[in-house]
């Protein structure tokens, strides 16, 4: 399974890579929304894990643009930002799920498995 992890924090990218590769996933990385759009078009990952607050292009805007190009894209938004209405905004943008940081590894993997089966 190919996953694209989009986060501007190098330590988060490393944590995701370690977790996901240990579970047999092929992991690709992007450091902002603009880079995510390019990599998504090039590699067509099975699932995207998308942060919200990033430079250049935020996660909600990147999610909208990915969904415009591929209405069947499977995007899980993962964010430490817990402001009211943010989860709904992400789901309206096209994300399939919203996970709050810090997250439990098992919950994240369950979310990924659930999307793969859809």
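Values quoted throughout were computed directly from the atomic coordinates according to the rules given, and no laboratory measurement underlies them. No experiment lies behind these values; they were computed from the predicted model shown.
What to note about this one:
- Radius of gyration and Dmax over the Cα atoms of segment 1-104, both given in Å: 12.3, 35
- Taking every C-alpha pair closer than 8 Å and separated by at least 6 residues, the mean separation divided by the residue count of the chain gives a relative contact order of 22 percent.
- Gaussian network model of the chain, Cα within-10 Å springs - most flexible of 42, 51, 18: 42
- Considering only 76, 38, 66, the mean-square fluctuation computed in a Gaussian network model of the chain, springs between alpha carbons under 10 angstrom, is largest for 38.
- The helix-only estimate of mean residue ellipticity at 222 nm for the chain, built from DSSP H runs of length n ≥ 4 each weighted as -39500 (n - 2.57), is -14500 deg cm²/dmol after division by the residue total.
- Cα centroid separation, segment 54-110 to segment 14-29 (Å): 18 Å
- Largest mean-square fluctuation among 24, 33, 59, in a Gaussian network model of the chain whose springs join Cα atoms under 10 Å apart, belongs to 24.
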